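These notes are about the structure you will find just below.
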Amino acid sequence: MASVSPLAFRRFIKNFAIPILFFLSAVVTWPILAEMELFERFYEYSRAHEDWDLDEFALLIVNLTIALVFSAIFQWHRLKRLVREREFQRQRAEKNARHDPLTGLMNRRAFSSAMEQIEEQAAGSNERIVAMIDLDRFKPVNDLHGHAAGDHTLQTVARRLREEIGPEAVLARLGGDEFAVIFDPSAGVVQVERIARRLLHTMEQAVAFEDGQIFISGSIGLVKWNTATSCVEALRRADKALYTAKNEGRSQFAWYDAELDRQSHARAEIEADLREAILKSEIEPWFQPIIQIDSKKLIGFEVLARWQHKTHGHIPPNVFIPIAEDSGQVGSLGLGILRRACMAAGEWDPDLSISFNVSPYQFQDPKLVDQIKAILQECEFDANRLTIEITESSVINDFDVARTKLNALKGIGVAVALDDFGTGYSSLASLRQLPFDQIKIDRSFVTNIAAEPQNQKIVSGIMALANGLDLDVTAEGIESTEDLGFLQSLDCSLGQGFLFEKAVPAEQISWLLESKWGNLHVDPEEENFEVLKPFRGAG
Ligand code: C2E
Ligand code: CA
Ligand code: CA
């Protein structure tokens, strides 16, 4: 038992005050009484006064003394029991605060303090490997088999992990189906990877429960923890690595990758800023000219999203569109851009069309056609001047749904183009089954085509196909007069590329229409194309 606490001492004094006083007074008075031969005197005195019954009185005092002694013994035992119970409760509370009652492993709190302790002792010199382990598809175990099965699975996994990691390693259940390990300092990368493989294997083994078996697996994130990094940071890194392992297909381990972490950090930052940028309409539509190749006439523009970030500068759409898709913002982003593009284009020559990119995620939205219709009405923009560009990934999942949607768009007068043609897996199937008006040949086949016989054959083939299906063709990525010359020889109807113009903001369109693409006649010596049609009403 632990040393006597002040509280126990006070309690003792309180409970035994009377017997102690009695005892003390006995100890003090006894020698005095003995010295005075009081007992002999009392004896003589009581004999002399027999009728006073002094002997009975003395007997009573002796009896009382014995009773007091027994009561003291009884109290003493009671107190001992009380102190023992208190101690037991204290120990149990302490254990509960540091251990997970289900598996008996350390809990998160204890694990953190174990890390802190290592950090203090190692003082930045030692390197340890920390692992974060998470079960894959654990939730269905609870949902399908009930919580008792879930608890049993966790207990079994905890026991198996304990057996595999070795006695020196620290193992904890951080919560739910998440475990963590601090390997012992002697365990290097090779050994830890070997253990990690064993852990993965043991977690894949069936867990027997009642009459059946439960199958799960686990993923592991590993990080080298140089104690110069804080415990919290080490756990965050292990968690990142775990996320990578899960993302790469589960039931495997992955090491923390600082570069990947930096990227995902930047991505998270962009995602947060994107929300604000969309709200404040900071992402603008820019316009890249589309040219009719034989007549060299400007027939319209592809609308391209441009974001000038306040600190990061220009962020390309290839970066922020996928983030907008993942964070469910691409719908509002796209519609905002379309609205502003229609507003701007409403001011231009009505012969000029605009071509607008719809991302696969946006295309899935059942409200898409109604939303586009509403914007056209709101902007009083003629639907015949609008083309929607979609890539094959928008339609590949379900041709029937895609067909219905494309027909609905065509029903309101909007044309549809298959973008990035040639880069998908089944472009021909998409073309055969869906009512496209146009295809856009991906620029990977077009740029520098004059020097690449392989691409020449592919583009010739695409042209023949498009002619057979009576589709317009736009060649993207025309960068040189040689590229243009080759496409001309194939009778490609429309072209787009840096040779003509990069995307420009709406404010520059009127200038562009008045100068380069207006009545300006380009010197054929200088540039291999000319503009024939002067535009009216540009401004
Ligand atoms: P995309 O639809 O294939 O758009 C054409 C891309 O090729 C544009 O890149 C354009 O600037 C670039 N380009 C045009 N001519 C040339 C050329 O001659 N050489 C080279 N090297 N590139 C050329 P951008 O603007 O960076 O857009 C990239 C992609 O981002 C687009 O590819 C499109 O898929 C997507 N995107 C852009 N704006 C939007 C938007 O508003 N909504 C959606 N959903 N996606 C958009
Ligand atoms: Ca496009
Ligand atoms: Ca394209």
TODO: For each cysteine in the chain, check whether another cysteine's C-beta sits under 4.7 Å from its C-beta; list those where none does.
DONE: Cys231, Cys492
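Rounded to the nearest 20 Debye, what is the dipole magnitude of the range 108-256 about its Cα centre when Lys and Arg each give +1 and Asp and Glu each give -1 at the C-beta? Walk me through the numbers on the way to the answer.
Numbers: 18 positive and 21 negative charges, 46 e Å.
For this selection, approximately 220 debye.
Starting from 0.36 nm per residue, how many nanometres of slack lie between Thr481 and Ala58 once their C-alpha separation is accounted for?
Stretched fully, the Thr481-Ala58 segment lengthens by 138.9 nm.
What shape does the chain take by its C-alpha gyration tensor, where a ≥ b ≥ c are the square roots of the eigenvalues and a/c under 1.5 counts as rounded, a/b above b/c as prolate, and the rest as oblate?
Values: a/c = 3.98, a/b = 3.40, b/c = 1.17.
It comes out prolate by the Cα gyration axes.
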TODO: Specify which residue in the list Ala72, Ala429, Ala506 is farthest towards the positive end of the charge dipole of the chain, using unit charges on the beta carbon of Lys, Arg (+1) and Asp, Glu (-1), about the Cα centre.
DONE: Ala72
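Filter Lys457/Lys502; Lys410/Lys457; Lys246/Lys405; Lys296/Lys410 down to the pairs with a C-alpha to C-alpha distance above 29 Å, please.
Lys410/Lys457; Lys246/Lys405
How big is the antiparallel share of DSSP beta bridges in the chain, given as a percent to the nearest 5?
Details: 41 of 66 bridges.
Antiparallel bridges: around 60 percent, rounded to the nearest 5.
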TODO: With only Lys, Arg, Asp and Glu charged, each at its Cβ (+1 for the first two, -1 for the last two), find how big the charge dipole of the chain is about the Cα centre; round to the nearest 20 debye.
DONE: 1780
- [ ] Just tell me which lysines come within less than 17 Å, Cα to Cα, of Lys80; anything on the same chain fewer than 8 places away is out.
- [x] Lys14
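Rounded to a whole number, what % of the accessible area of the range 130-172 do carbon and sulfur atoms account for, probe 1.4 Å? All intermediate terms of the calculation are to be shown ahead of the outcome.
Values: 1020 of 1980 Å².
Using a 1.4 Å probe with all protein chains present, the range 130-172 comes out at 52 percent carbon and sulfur.
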Task: Rounded FRET efficiency, nearest 0.05, which uses the C-beta distance separating Glu116 from Asp326 and R0 of 25 Å - done: 0.10
Task: the chain, helix-only ellipticity at 222 nm - DSSP H runs n ≥ 4, -39,500 (n - 2.57), divided by all residues, nearest 500 - done: -17000 deg cm²/dmol
Task: Dipole magnitude (debye, nearest 20) for the range 1-80, charges at Cβ of Lys, Arg, Asp, Glu - done: 1080
Task: Among Ser332, Asn63, Met36 - extreme Cα towards positive end, dipole of the chain, charges at beta-carbon - done: Met36
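If you average 1/r over all unlike Cα pairs in the range 108-256 and invert the result, what Kirkwood radius do you get in angstrom?
Working: mean 1/r = 0.0644 Å⁻¹.
Result for the range 108-256 stands at 15.5 Å.
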Open item on the list: Please compute the Kirkwood hydrodynamic radius over the range 6-98, one decimal place, Å, based on all pairs of different Cα atoms.
Closed with: 16.8
TODO: Please list, in chain and number order, the residues 5+ apart from Ser355 or on another chain whose amide H is under 5 Å from its amide H, with Hs placed from the backbone.
DONE: Phe301, Glu302, Val303, Thr387
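Per residue, how much accessible surface does the chain expose to a 1.4 Å probe? Answer in Å², no decimals.
Details: 29570 Å² over 539 residues.
With all protein chains present, the chain gives 55 Å² per residue.
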TODO: Only helices at least 20 Å long along their axis, Cα-based, and averaging -0.5 or more on Kyte-Doolittle count here, so list those DSSP H runs from the chain.
DONE: 17-35, 54-98, 189-204, 231-247, 330-345, 453-469
Task: Among Phe356, Gly175, Ala148 - extreme Cα towards positive end, dipole of the chain, charges at beta-carbon - done: Ala148
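The values are calculated or read from the model by the stated rules, or taken from the named source; none is laboratory data. What you see is a predicted model; the values in this text were computed from it and never measured. Neighbour counts are summed over all protein chains in view; Cβ atoms, including those assigned to glycine, are modelled from backbone coordinates with ideal geometry. Each accessible area value is taken on the protein alone, full model and side chains, heavy atoms only, with ligands, DNA and RNA left out. Shrake-Rupley method; radii C 1.70, N 1.55, O 1.52, S 1.80 Å.
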